[in-house]
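Input: a single structure, listed below in structure tokens.
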Amino acid sequence: MAKYLYLNSRDEFFRIDISKIVYFEADGNYTHIYLSNKMKGTVCMNLHTMQQTLSENLKEAASIFARVGKSHIINLSYVYNIAILRQKLTLSDGENFSFTVSISKDALKKLRELFIGSLT
């Protein structure tokens with residue numbers, strides 16, 4: 001059964017299947033939402049507030065998301081490649097889409113450790 005994130009503002013309402021969210025990207029006081037069908041939405045909310053909203057509204061389902069660096073929250077199930085030296089993270093389902101985002105080396109190292117730690 002799909003779990004949805006509901007985002008309501010003065011001018012817009014979003015109902016998003018959380019399994020379709022690939023990542024969130026900060027843009028000042030706005031957050032861009034990138035979906036697996038390549039749609040993009042923007043809400044008037046900074047990334048810190050978005051992180052709190054995910055935790056409050058999704059409870060344990062929010063664990064599929066992780067804050068990576070200052071500008072991104074990613075869906076961990078779409079991590080395809082972590083290229084630390086190039087400072088790039090590729091998010092993909094392996095078939096239909098691929099997004100590459102620039103992220104600091106430190107943030108990528110922490111993300112890699114998260115995955116390696118879960119393997120043991």
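The values are calculated or read from the model by the stated rules, or taken from the named source; none is laboratory data. Keep in mind that what you see is a predicted model, and the values were worked out from it rather than measured. Glycine gets a Cβ as well: all are built from the backbone with ideal geometry, and neighbour counts include every protein chain shown. Keep in mind that these areas ignore ligands, DNA and RNA; they rest on the heavy atoms of the full protein, side chains included. Shrake-Rupley method; radii C 1.70, N 1.55, O 1.52, S 1.80 Å.
At-a-glance table
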read-out: Residue selected from the stretch 39-52 under the condition under 15 Å from Ile18 (Cα atoms) and open to solvent by less than 20 Å² (accessible area, probe 1.4 Å), by the criterion nearest to the chain's Cα centre (by Cα); value: Met50
read-out: Selection status of Phe115, at pLDDT 95 or above and open to solvent by less than 80 Å² (accessible area, probe 1.4 Å); value: no
read-out: Within the stretch 17-26, considering residues that are touching a helix residue (DSSP H, G or I) at 6+ places or on another chain (Cβ under 9 Å) and without any contact (Cβ under 8 Å) to a residue 60 or more places away in the chain, the one most open to solvent (accessible area, probe 1.4 Å); value: Ser19
read-out: Which numbered condition Phe14 misses (of (1) of a type in the set (A, V, I, L, M, F, W, C); (2) in contact with a strand residue (DSSP E or B) (Cβ under 6 Å, 6 or more places away or on another chain); (3) open to solvent by 30 Å² or more (accessible area, probe 1.4 Å); (4) in a helix (DSSP H, G or I)); value: (4)
read-out: Leading residue by the ranking (modelled with the highest pLDDT) among those in the stretch 56-104 that are open to solvent by 70 Å² or more (accessible area, probe 1.4 Å) and in a helix (DSSP H, G or I); value: Ser77
read-out: Test: Ser36 is open to solvent by 10 Å² or more (accessible area, probe 1.4 Å) and either of a type outside the set (Ser, Thr, Tyr) or within 21 Å of Phe115 (Cα to Cα) (or both); value: no
